[in-house]
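**Student:** Would you mind keeping the following structure in view while I ask a few things?
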Amino acid sequence: MTPPPPQVDARLAHDTVRTVTLRLMPLLGLMYLIAYIDRQNISYAKLQMVGDLGLSESAYGLGASLFFLGYFLFEVPSNVIMERVGARRWFARIMLTWGLITILLGFTQNTAMFYALRFLLGVAEAGFFPGVLFALTLWFPQSHRARMIGWFMIASAVANAVGAAIGGALLDLDGLLGLKGWQWVFVATGLPALALAVVVLRILPDGPEQAPWLSREGRDWLARTLAFEREAGGQVEHGNPFAALLDRRVWMLASVYIAFPLAAYGLSYWLPTVVRSFQVSNTLNGVINIIPWVVTAFALWWVPRRAARSGDQVWHVVVPGLVAAAALVLSVVLPGAALKFACLCVAAAGMFSAQPVFWSLPATFLKGASAAAGIAAINSVGNLGGFIAQNTVPLIRDRTGSDLAPMYFLAACLALGASLMFVVLSALRRDAARRSVPSGPRPESVPGPSVAAR
């Protein structure tokens, strides 16, 4: 039986969400910033390590893509374990292992070692991003999640900007203390993960009940609100969390999502190479690469808020995706380096800003360990897009001799994925109508979060 709606104390609700946001989101954002820098540092190390290790472009692409294979294989088990042992210990373990492996990448001796460490890095980091998405379902009511995911993902844009700035500068440390520039890229970006693992272990609560900075009234309101949403929304928790992998709604969302990481990783891994065609130094290359991620950060802030005001979900996933696809094509056909680069800035913003509203959908029909497994499954399939991009993009580049020709492939995949969102959300609406009960949400409503601004 669906519980009655909790009594809403507007002041208590506002203060509770504000406290959780201020206490939790900066730490989660910092964790993601470091994770993303560790994930993207190879795009800058590539500019030197390919020559030093004697790698072809295709061999580099395979090694870079093995990260996503390890991530794919271990992401769902990692998220299920996190749901059982708690976010604090599991996130600390993830950061400790990925920091160590990142540092070891700085001492790569040959192709085989490069391949092995990239795969292990994916295994180590598996579960972090979907783990945070699942953790947000334990802390925030539905109406706030898209906005919080947007704030969290801004860290990825900041990470790309910071990584761009420091990646180029670290390359110019070539020879310092006997290390190559590309070795400094890995060592310097791996150390912060080790330090933050200790911080996470000490201060990150597993959930609201373990948060000493949250009042008893705030914890009670949050527990009642989340319980009501789970029951009224018809969310499912399977007896075996891995059964979520057989839920057709999970696979429908995964089929759409794969296009976004495919395009994003294809772009972000090769953007420094594109900018290098401007004939600038490594340091200036990094500085120029800050620009797309500043634009992306603004889009990640603006799109979820516009979705909140309009109450629309479909177009706030579809339109940014289609705009990004068009911008990728224009980056090839328009003349002049400045116009091409401007198009890539727009493309980056579109690829990322579509995702906060998208990621608010899985928790509307799954809960508990099933939500942990389902979110991880969607993300792991999506990260196969990174595997595809890292093999297909260099292959197209090798065949054509152009850094921009692969953008046609990325644009086609992104346009297809964004267009399929219409089909997927239509199916989710029908499913919600079948499962709805009189005290639950109205059958005609979209089975996603109410992203109304609070």
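The values are calculated or read from the model by the stated rules, or taken from the named source; none is laboratory data. Just so we're clear, the structure is a prediction, and the values are computed from it rather than from any experiment. Glycine gets a Cβ as well: all are built from the backbone with ideal geometry, and neighbour counts include every protein chain shown. With ligands, DNA and RNA removed, areas are computed over all heavy atoms of the protein, side chains included. Shrake-Rupley method; radii C 1.70, N 1.55, O 1.52, S 1.80 Å.
**Student:** Considering only protein heavy atoms, with the full assembly of protein chains and a 1.4 angstrom probe, order 75, 83, 217 by accessible area, largest first.
**Tutor:** Largest to smallest exposure gives the sequence 217, 83, 75.
**Student:** Okay, next question. What are the extents of the Cα atoms of the chain along their three principal axes, in Å, largest first?
**Tutor:** Over the chain, Cα extents along the principal axes are 65, 46, 38 Å.
**Student:** Considering only 117, 99, 16, whose Cα is most displaced toward the positive end of the charge dipole of the range 1-126, charges sitting on Cβ of Lys, Arg (+1) and Asp, Glu (-1)?
**Tutor:** Farthest towards the positive pole: 16.
**Student:** Just to confirm the number: angle between the C-alpha axis of helix 259-276 and the first principal axis of the chain, 0 to 90 degrees, nearest 10?
**Tutor:** So the helix axis and the longest Cα principal axis differ by about 30 degrees.
**Student:** Okay, next question. About the Cα centre of the chain, what is the dipole size in debye to 20, counting +1 per Lys and Arg Cβ and -1 per Asp and Glu Cβ, all else neutral?
**Tutor:** In total the dipole reaches around 740 debye.
**Student:** Would you rank 180, 46, 340 by solvent-accessible area, highest first, keeping every protein chain in place and using a 1.4 Å probe?
**Tutor:** 180, 340, 46
**Student:** Going by average Cβ density within 10 Å per residue, which order do the peptides 371-382, 192-203 take, highest to lowest?
**Tutor:** 371-382, 192-203
**Student:** ³J(HN,Hα) across the range 344-353 via Karplus (A = 6.51, B = -1.76, C = 1.60, θ = phi - 60°), whole Hz, x for Gly/Pro?
**Tutor:** Karplus-based 3J(HN,Hα) across the range 344-353 equals 5, 5, 5, 4, 4, 4, x, 4, 8, 6 Hz.
**Student:** Carbon and sulfur together cover what percent of the accessible area of the chain at a 1.4 Å probe radius?
**Tutor:** Whole-percent figure for carbon plus sulfur exposure: 66.
**Student:** Can you grab the distance from the C-alpha centre of the range 355-424 to the C-alpha centre of the range 57-84, Å, no decimals?
**Tutor:** So the two Cα centres are separated by 14 Å.
**Student:** Another question about this same structure. How big is the range 109-224 by Rg and Dmax over its Cα atoms, in Å?
**Tutor:** 19.2, 59
**Student:** Still on this structure: Given the options 330, 36, 315, identify the residue whose Cα lies farthest towards the positive end of the charge dipole of the chain (+1 on Cβ of Lys, Arg; -1 on Cβ of Asp, Glu).
**Tutor:** The one lying farthest along the dipole's positive direction is 315.
**Student:** Run the helix sum for the chain: -39,500 (n - 2.57) per DSSP H stretch of 4+ residues, divided by residue count, reported at 222 nm to the nearest 500 deg cm²/dmol.
**Tutor:** The helix-only estimate for the chain comes to -26500 deg cm²/dmol at 222 nm.
**Student:** For residue 19, what accessible area in Å² do you get when you roll a 1.4 Å probe over the heavy atoms of the protein chains, rounding to the nearest 10?
**Tutor:** The accessible area of residue 19 comes to roughly 50 Å².
**Student:** In addition: Once you list every other residue whose beta carbon is under 12 Å from the beta carbon of residue 114, what net charge do they have if Lys and Arg are +1 and Asp and Glu are -1?
**Tutor:** Net local charge, residue 114 excluded: +1.
**Student:** Could you give the dipole magnitude of the range 91-204 about its Cα centre, charging the beta-carbon of Lys and Arg +1 and that of Asp and Glu -1, in debye to the nearest 20?
**Tutor:** 340 debye
**Student:** Whats the longest run of the chain with zero chymotrypsin sites (Phe, Trp or Tyr not before Pro) that are DSSP loop and have at most 12 other Cβ atoms within 10 Å?
**Tutor:** Segment 214-454 is the longest.
**Student:** While we're here: Considering only protein heavy atoms, what per residue accessible area in square angstrom results for the chain with a 1.4 angstrom probe?
**Tutor:** That works out to 38 Å² for each residue.
**Student:** Where nothing but the Cβ of Lys and Arg (+1) and of Asp and Glu (-1) is charged, how large is the charge dipole of the range 14-165 around its Cα centre, in debye to the nearest 20?
**Tutor:** Roughly 460 debye for the range 14-165.
**Student:** Follow-up. Report relative contact order for the chain in percent, whole number only (criteria: Cα-Cα under 8 Å, sequence separation at least 6).
**Tutor:** 26 percent
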